[in-house]
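The block underneath contains the structure these notes are about, expressed in structure tokens.
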Amino acid sequence: MGYEPLVKKNPLRVLNLAGNDKKMGLIMARAGLGKTALLVQIALDSILRGKRVVHISIGENLEKTKLWYDDMLEIILQECSVAKPHELIDMVQQHRMIMSFKESAFNRARLEERLNDLILQDIFKPDCVVIDGFDFTNMDHEDLEDINNLMESLRLQTWFSATSHREDERVSPSGVPAPCHELDDLFETVVLLKSEQEHVQLEIIRHNSDACSGDVHHLILDPATMMVKKDD
């Protein structure tokens, strides 16, 4: 694809995004800390590696989600030397499909139906799905395991975002906050976004299905661009 330098320098390499194609990952944070920004960067990394991505936006419209990609891509083009930027923009558009769902309309059956429509009709064959805005509040272990089985059967790497709340102090033994504290074993990777004084810190608390010691990679979201970078 010719974008290996961009892929190689991406700080998100520590998440081994090119590893297990069938894994599920989770981005958790309180509202407004950058979950969507991080999901979009995970999706763009997958696209730059030649993969195809379905971005499922729950409770948000297509145009607002598309703007996230346009803004992130513009920053990448400003910060990195790309010989033919228009080809990169076209490639991202061709390798990405955005779906939107109303919150009340999203469920496992509807997800399977929409993905099968794309795949079986040879419209778009994704390698990765990012699901933004999913409400884990009423999700039990069996429900999420069912979705996990679906995504494994379709050989899709899947990333979710989830919102934690200050007033709910429940947490799993590995440090995953509610409402995902009883679901953490289903995620191979869990990243918490934590607000610090001048930036948002990425704390990897579960990786390759093992508990981690936390902020060992020193990654943050740049407050000006919301791009992931190493905290020097």
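General observations
- Couplings for region 227-232, taken from phi via the Karplus curve 6.51 cos²θ - 1.76 cosθ + 1.60 with θ = phi - 60°, read 7, 6, 8, 7, 7, 7 Hz in order; Gly and Pro are left as x.
- Cα gyration tensor shape for region 1-52, rounded if a/c is under 1.5, else prolate or oblate: prolate
- Counting only protein heavy atoms and a probe of 1.4 Å, the accessible surface of the chain is 45% carbon and sulfur.
- Rounded to whole numbers, the Karplus 3J(HN,Hα) couplings from phi for region 124-130 are 6, 10, x, 9, 9, 10, 10 Hz, using 6.51 cos²θ - 1.76 cosθ + 1.60 with θ = phi - 60°, and x at Gly and Pro.
- Highest mean first, the peptides 158-166, 65-73 sorted by other C-beta atoms within 10 Å per residue fall in the order 158-166, 65-73.
- Which listed pairs, of Lys8/Lys229; Lys64/Lys230; Lys9/Lys51; Lys35/Lys64; Lys35/Lys194; Lys35/Lys230, have C-alpha distances above 20 Å, in listed order: Lys64/Lys230
- Using a Förster distance of 41 Å, the FRET efficiency for Val82-Gln197 (Cβ separation, nearest 0.05): 0.75
- Full extension of the segment from Asn208 to Glu113, taken as 0.36 nm per residue of separation minus the current Cα-Cα distance, would add 31.3 nm.
- Fraction of beta bridges assigned by DSSP in the chain that are antiparallel (%, nearest 5): 40
- Amide hydrogen neighbours beyond the local backbone of Arg206, cut-off 5 Å, H modeled: Val190, Cys212
- Relative contact order of the chain, taken over Cα pairs closer than 8 Å and 6 or more residues apart, is 27 percent.
- Axial C-alpha extent at least 15 Å, average Kyte-Doolittle at least 1.0 - helices from the chain (DSSP): 35-48
- Values (i) 16.9, 49; (ii) 25.4, 88; (iii) 18.4, 59 are given for comparison; Rg and Dmax of the Cα atoms in Å, derived from the coordinates here, is the one labelled (i).
- For the peptides 171-177, 78-84, 139-145, residues were scored by their other Cβ atoms within 10 Å and the scores averaged per peptide; the highest-first order is 171-177, 139-145, 78-84.
- Where the chain is the region considered: accessible area per residue in Å², 1.4 Å probe: 50
- The alpha carbon centroids of region 44-61 and region 107-179 are separated by 14 Å.
- Here the gap between Glu103 and Leu67, fully extended at 0.36 nm per residue and compared with their Cα-Cα distance, gives a gain of 10.9 nm.
The values are calculated or read from the model by the stated rules, or taken from the named source; none is laboratory data. As the structure is a prediction and not an experimental result, all values here were calculated from the model. Heads up, the Cβs are rebuilt from the backbone with ideal geometry, glycines too, and the neighbour counts pull from every protein chain shown. Accessible surface is based on the protein model in full, side chains and every heavy atom, while ligands, DNA and RNA are left aside. Shrake-Rupley method; radii C 1.70, N 1.55, O 1.52, S 1.80 Å.
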